[in-house]
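The values are calculated or read from the model by the stated rules, or taken from the named source; none is laboratory data. These numbers were taken from a predicted model, which means no experiment stands behind them. With ideal geometry, Cβ positions are generated from the backbone for all residues, glycine too; neighbour counts draw on all protein chains shown. Please note that ligands, DNA and RNA were not included when accessible areas were found on the heavy atoms of the full protein model with its side chains. Shrake-Rupley method; radii C 1.70, N 1.55, O 1.52, S 1.80 Å.
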Amino acid sequence: MDNETLTITDNRTKATYTIPIYRGTVRAMDLRQIKTGADDFGLMTYDPAFMNTASCTSAITYLDGDKGILRYRGYPIEQLAEHCTFLEVAWLLLEGELPTRDELENWNCEIMRHTMIHENLKKFMDGFHHDAHPMGVLISTVAALSTFYPDAKNLGDTKCRRKQIVRLISKMPTLAAYAYRHRLGLPYIYPDPDLGYTKNYMNMLWKRTEPKYAANPVLARALEVLFILHADHEQNCSTSAMRAVGSSNADPFATAAAALSALSGPLHGGANEEVLRMLDEIGTKDRIPAFIDQVKEGKRKLMGFGHRVYKNYDPRARIIKQVAEEVFEVTGRNHKIDIALELERIALSDEYFIKRKLYPNVDFYSGIIYQAMGFKPEQFTVLFGIPRTVGWLAQWQEMLRDPERKIARPRQIYTGEDRREFVPLTLRGVHDRELTFA
Ligand code: CMC
């Protein structure tokens, strides 16, 4: 369209510029030509926290936060959660198309073949203190994979790159399960490839002395659905970390460790753990109004509520709420769900939350299911990290293939001192300013 342009008048110089609009976006670099003179660097954009800046183009995940829509490669999340296995969705995210029957069979075999970890990695795991947080253990052991697979640095070789993707997706449940058992002082359980991705993970977590672990099919399916829902979510904090760190050509294991670190924060994947602690603290329904008052006074956050992009009900939270009921049929009801439902009801009818468009996000209900299944809150973010690894790798691969890719390197607006002369220590005397670093 000819009129897909933006005309800007610079009131400093009265000059006008016409720049193209592409898919509702202008290129920040097109603003550089807007200068007051030859020495002027040119206009920049300022956007802390990327509130209104697209950092890449991507064909993986579509999200409409106002309408509450989430699609992987065009397929609605609701349909994928109902009909797919997690590895089927992993293939979809990485390849762009749903696998054929043969492709899926080979993919399942390929992933399950790589689930073992090097014995030395187990020794590394043993070095952690018994109460080490599992996310810290996972971040460190994923980074350590980089030392076991030096070929991972060979980013230009697409076959080799694919091998690392398979390795990481395969080994995540093993590392996560070993971190879990280390905490409990239980012997590590070797992967059982016959069981498939999710049931094998449950096997490595919970097998005791029985010759073959038999996972409860309802719980296994619930975990599968939760994995599908968490597999990707476009340019969130950890995915942006994956792309930014990966843009330096760091190997995928070091890069994924950075993404896991981003995920561990309580404002991101760590929120599911915080939700449970919050529900524990509230304890009974009658204490909800007092808690909500504290939130409205700005003293607390309602964890598991709010989202940078969703300004409507998070479609993942809706599915998780249904899955919770199926899980409770097996495990018995986790009474925290009743506190959570009441918290949601009160919050969604309160002006504070309505005005700010704050709805439950994926983390609000997931922890309640995980707890009913027997996980401790400190495991919850690990359960987010296993499936999200697929999304990170799909986005990393897309980034490496992008002809426009360059090392991530934002600009800044310098607000510090202008040039000043060095003062020798003997002449510095005393100053009365408040220390900012202490
Ligand atoms: N409880 C109370 N008030 C909130 C909350 C909340 N959970 N979230 C946002 N607000 C308020 C916030 O104080 C602000 O109010 P005001 O306009 O008066 O200053 C307004 O809503 C806008 O919030 P914001 O902090 O500017 O929004 P953001 O996009 O920067 O932050 C968020 C998004 C997810 C970090 C934030 O909503 C939050 O901290 N939520 C709780 C943590 C959480 O559940 N995180 C999981 C996110 S979903 C899964 C994932 O991707 O990891």
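When only alpha carbons are used to place a centre, segment 259-308 and segment 69-120 end up 32 Å from one another. Taking all protein chains as they are arranged and a probe of 1.4 Å, the heavy atoms of E325 leave approximately 80 Å² accessible to solvent.
The GNM of the chain, with springs linking C-alpha atoms under 10 angstrom apart, assigns the highest mean-square fluctuation among A90, A408, A258 to A408. The alpha carbon radius of gyration of the chain, expressed as a multiple of 2.2 N^0.38 Å, is 1.11.
Given 0.36 nm per residue, what is the gain on full extension from R420 to A38 after removing their alpha carbon distance, in nm? If you can, show how the numbers build up before the last one.
Numbers: separation 382, 0.36 × 382 = 137.52 nm, distance 2.59 nm.
Length gained, R420 through A38: 134.9 nm.
As a rough guide to protection, the peptides 359-371, 116-128 ranked by mean Cβ packing within 10 Å, highest first, stand as 359-371, 116-128. For segment 271-373, the solvent-accessible area of protein heavy atoms averages 46 Å² per residue (probe radius 1.4 Å; ligands and nucleic acids excluded). Averaging Cα coordinates gives a centre for segment 388-434 and one for segment 171-245; these two points are 36 Å apart. Give the angle, between 0 and 90 degrees and rounded to the nearest 10, that separates the Cα long axis of helix 158-184 from the longest principal axis of the Cα atoms of the chain. Once rounded, one gets 60 degrees.
Using alpha carbons only, what's the Rg to Rh ratio of segment 26-125 with Rh from Kirkwood? The partial results should precede the final answer.
Numbers: Rg = 22.2 Å, Rh = 18.2 Å.
Looking at segment 26-125, the ratio lands at 1.22.
Is it possible to state the helix-based mean residue ellipticity at 222 nm for the chain, with each DSSP H run of 4+ residues giving -39500 (n - 2.57), the sum divided by total residues, to the nearest 500 deg cm²/dmol? What is it? Walk me through the numbers before you get to the answer.
On the way: 17 runs with 216 residues, N = 438.
Per the formula, -15500 deg cm²/dmol.
Near the amide H of A15, within less than 5 Å, lie the amide hydrogens of D10, all on another chain or at least 5 residues away, with H placed in the peptide plane. Taking 4 °C and 1.567 mPa s as conditions, segment 47-182 diffuses translationally at an estimated 74 µm²/s according to Stokes-Einstein applied to its Kirkwood radius (Cα pairs).
The stretch between L341 and A408, if pulled fully straight at 0.36 nm per residue, gains 20.0 nm over its current Cα-Cα span. Against the chain, whose longest principal axis is taken from its Cα atoms, helix 217-230 shows a tilt of about 10°.
Under the classification rounded if a/c is under 1.5, otherwise prolate if a/b is larger than b/c and oblate if not, where does segment 5-46 fall, given a ≥ b ≥ c as square roots of the Cα gyration tensor eigenvalues?
Numbers: a/c = 2.64, a/b = 1.55, b/c = 1.70.
The shape class here is oblate.
Classify segment 192-309 from the C-alpha gyration tensor, please: rounded if a/c falls under 1.5, else prolate or oblate depending on whether a/b exceeds b/c. Oblate. Direction-averaged projected area, Cα convex hull, segment 364-414: 6.4 nm², rounded to one decimal. Between V166 and T16, the contour length at 0.36 nm per residue exceeds the Cα-Cα span by 48.8 nm.
Above 23 angstrom, tally the Cα pairs of segment 271-373 and express them as a % of all pairs, no decimals. Walk me through the intermediate numbers first.
On the way: 1044 of 5253 pairs.
The share of Cα pairs beyond 23 Å in segment 271-373 comes to 20 percent.
The angle between the Cα long axis of helix 197-206 and the longest principal axis of the Cα atoms of the chain comes to about 70 degrees, rounded to the nearest 10.
Ligands, DNA and RNA aside, R73 has an accessible area near 60 Å² when probed at 1.4 Å.
Quick one: pull the percent of accessible area on the chain belonging to carbon and sulfur, 1.4 Å probe, ligands and nucleic acids left out. Carbon plus sulfur share of accessible area: 52 percent. Just so you know, the Cα atoms of segment 312-438 work out to an Rg and Dmax of 25.1, 75 Å. In this view, the solvent-accessible surface of W91, computed with a 1.4 Å probe and all protein chains in place, comes to about 30 Å². By the equivalent-ellipsoid construction on the alpha carbon gyration tensor, segment 1-80 comes out with semi-axes of 35, 14, 10 Å, ordered largest to smallest.
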